[in-house]
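Peer 1: I'd like to ask some things about the structure below.
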Amino acid sequence: MKASFRSKYGNPDVLQFIDVPTPIARDNEILIKIHATTVNRTDSGFLTGKPHFARLIIGFPNPKNKILGCEFAGQVESVGNGVTLFRPGDRVFGYDEENFGGHAEYKTMKENGPVALIPEGMSYSEAAPLTEGSHYALCDIRAAKVLPGQQVMVYGATGAIGSAAVQLVKATGAEVTAVGNTKNLALLRSLGADEVVDYTQQDFTKTDTWFDFIFDAVGKSSFGACKPMLKKRGIYISTELGPGSQNPFLAMLSPFSRGKKVLFPIPTINKEDVLFLRKLAVEKKFRPVIDRQYPFVKIVDAFTYVLTGQKTGNVVISMD
């Protein structure tokens, strides 16, 4: 099978197309023919190996995962012994941050892993980006224990994580203030934002609203800047380490604080999470925003674009 392969960390030009053996579905596994995948923030981080200390986990001196692609959508080609949840021909989507492998023509998944049936009427390209940004957002929303009627700000609301967060927060019944740039204000309203702030025209911290939860989905703010906007027991979460890598340390102090605090949850995903996201998609409460779509042969161009940090929502790769 064809795969986008890399043997070392680096820029997108380290990727090359090669033929590798097609995997075989072992016991309790399914073999999936990939029809669509994505290039996302997770893939980009694993491609470059930055920050460098992450290589102690993702492979040192060279990457453990030679074929990237944590998100996928495709059709079950075959099933291994003991599989009961899927059968050949099923259309499925899912997420695999342990083994990756979505940037290839085939991959295997444990049937009890983060994989589920694609909702009726949804294309492979629409289903592929259902999980990456959304599971990060979901983890942080749950950590903040967002409740109906609360006030939530999503900073960086037009990326894969941020655009998912706006919709997932609305699904809880909370009120959302979304921060983005001028060209995307209409998009943010269409996603359900109650208020929008154009950060190119005004300082997003100069608002009359106090928030129960401020979620920085791009990691470009700080607790210090956002703290005055938080309510007495408000919570701040960023998807990045923050200035001077302060966020994990501030989060360590949160159990001792009775006031405003920083949380730094470690994101996880399981089958129940994927089924929950599928349910929201079926109920029209969540739809991934798609910026661009590239053919598989242009995957280097896709990575190059994602690494600019300027994408809106998700970048999809069509394998067909």
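Peer 1: What residue, among those in segment 308-320 that are part of a loop (DSSP other than H, G, I, E, B) and not small (Gly, Ala, Ser), is least open to solvent (accessible area, probe 1.4 Å)?
Peer 2: Within segment 308-320, the first condition is being part of a loop (DSSP other than H, G, I, E, B), and the residues that meet it are 308-312, 319-320.
With not small (Gly, Ala, Ser) added as a condition, the list becomes 308, 310-312, 319-320.
Details: THR308: 73, GLN310: 120, LYS311: 35, THR312: 18, MET319: 34, ASP320: 130 Å².
Among residues in segment 308-320 that are part of a loop (DSSP other than H, G, I, E, B) and not small (Gly, Ala, Ser), the one least open to solvent (accessible area, probe 1.4 Å) is THR312.
Peer 1: Of everything in segment 1-16 that's outside any loop (DSSP other than H, G, I, E, B), in contact (Cβ under 8 Å) with a residue 40 or more places away in the chain and open to solvent by 30 Å² or more (accessible area, probe 1.4 Å), which residue is nearest to HIS35 (Cα to Cα)? Give the derivation first.
Peer 2: To start, the set of residues in segment 1-16 that are outside any loop (DSSP other than H, G, I, E, B) comprises 2-5, 12-14, 16.
Right, trim to in contact (Cβ under 8 Å) with a residue 40 or more places away in the chain and you get 2-5, 12-13.
With the extra rule that they be open to solvent by 30 Å² or more (accessible area, probe 1.4 Å), the set shrinks to 2, 5, 13.
Details: LYS2: 13, PHE5: 18, ASP13: 23 Å.
The qualifying residue nearest to HIS35 (Cα to Cα) is LYS2.
Peer 1: Give me the residue from segment 261-285 that is in contact with a helix residue (DSSP H, G or I) (Cβ under 7 Å, 6 or more places away or on another chain), open to solvent by less than 60 Å² (accessible area, probe 1.4 Å) and among the charged types (D, E, K, R) and, out of that set, nearest to ILE141 (Cα to Cα).
Peer 2: ASP273
Peer 1: Let me ask something else. I'd like to verify a number: residues in segment 75-96 that are in a strand (DSSP E or B) and not aliphatic (A, V, I, L, M), how many? Walk me through how you get there before you give the answer.
Peer 2: If we filter segment 75-96 for residues that are in a strand (DSSP E or B), which is where we start, we get 75-79, 91-95.
So of that shortlist, the ones also not aliphatic (A, V, I, L, M) come out as 75, 77-78, 91, 93-95.
Matching residues across segment 75-96 total 7.
Peer 1: If you scan segment 39-51, which residues turn out to be more than 19 Å from PHE72 (Cα to Cα) and open to solvent by 10 Å² or more (accessible area, probe 1.4 Å)? Spell out how you get there, then give the answer.
Peer 2: Looking only at segment 39-51, we keep the residues that are more than 19 Å from PHE72 (Cα to Cα), and these are 48-51.
THR48, LYS50, PRO51 - these are the residues of segment 39-51 that are more than 19 Å from PHE72 (Cα to Cα) and open to solvent by 10 Å² or more (accessible area, probe 1.4 Å).
Peer 1: Separate question: So ALA36 passes all but one of these: (1) in contact with a Ser or Thr (Cβ under 6 Å, 6 or more places away or on another chain); (2) loosely packed, with under 14 Cβ neighbours inside 10 Å. Which condition number does it fail?
Peer 2: Of the numbered conditions (1) in contact with a Ser or Thr (Cβ under 6 Å, 6 or more places away or on another chain); (2) loosely packed, with under 14 Cβ neighbours inside 10 Å, the odd one out for ALA36 is (2).
Peer 1: Out of the residues in segment 52-109 that are acidic (Asp, Glu), open to solvent by less than 80 Å² (accessible area, probe 1.4 Å) and more than 16 Å from ILE24 (Cα to Cα), which is modelled with the lowest pLDDT?
Peer 2: Step one: list which residues in segment 52-109 are acidic (Asp, Glu), which gives 71, 77, 90, 96-98, 105.
Those left that are additionally open to solvent by less than 80 Å² (accessible area, probe 1.4 Å): 71, 90, 96-97, 105.
Then drop every residue that is not more than 16 Å from ILE24 (Cα to Cα), which leaves 71, 90, 96-97.
On the way: GLU71: 98, ASP90: 98, ASP96: 98, GLU97: 94.
For segment 52-109, the residue satisfying everything is GLU97.
Peer 1: Out of all the residues in segment 196-232, which are polar (S, T, N, Q) and either within 25 Å of ARG287 (Cα to Cα) or out of contact with any helix residue (DSSP H, G or I) (no Cβ under 9 Å at 6 or more places or on another chain) (or both)? Write out each step before concluding.
Peer 2: Applying the first criterion (polar (S, T, N, Q)) to segment 196-232 yields 200-202, 205, 207, 209, 221-222.
Listed by number, the residues that qualify are GLN202, SER221.
Peer 1: Only one of (1) touching a helix residue (DSSP H, G or I) at 6+ places or on another chain (Cβ under 6 Å); (2) more than 20 Å from GLU283 (Cα to Cα) is not met by ALA193, so which one is it?
Peer 2: Here ALA193 meets the rest and fails (2).
Peer 1: Would you mind listing the strands (runs of 3 or more DSSP E) fully within segment 211-307 where at least 3 residues are within 30 Å of GLN16 (Cβ to Cβ)?
Peer 2: Working: elements: 211-216, 230-238, 290-295.
It comes to 290-295.
Peer 1: Does any residue of segment 287-295 turn out to be acidic (Asp, Glu), within 18 Å of the chain's Cα centre (by Cα) and under 15 Å from ALA137 (Cα atoms)? It would help to see each step written out before you state the result.
Peer 2: So the first thing to find is which residues in segment 287-295 are acidic (Asp, Glu), and the list is 291.
Still in the list and also within 18 Å of the chain's Cα centre (by Cα): 291.
Within this subset, residues satisfying the condition of being under 15 Å from ALA137 (Cα atoms) are none.
No - not one qualifying residue is present in segment 287-295.
The values are calculated or read from the model by the stated rules, or taken from the named source; none is laboratory data. These figures come from a predicted structure and were not determined experimentally. Here the Cβ is made from the backbone with ideal geometry for all residues, glycine too, and neighbour counts use every protein chain on show. To get the accessible areas, we keep the full protein, side chains included, count just its heavy atoms, and leave off ligands, DNA and RNA. Shrake-Rupley method; radii C 1.70, N 1.55, O 1.52, S 1.80 Å.
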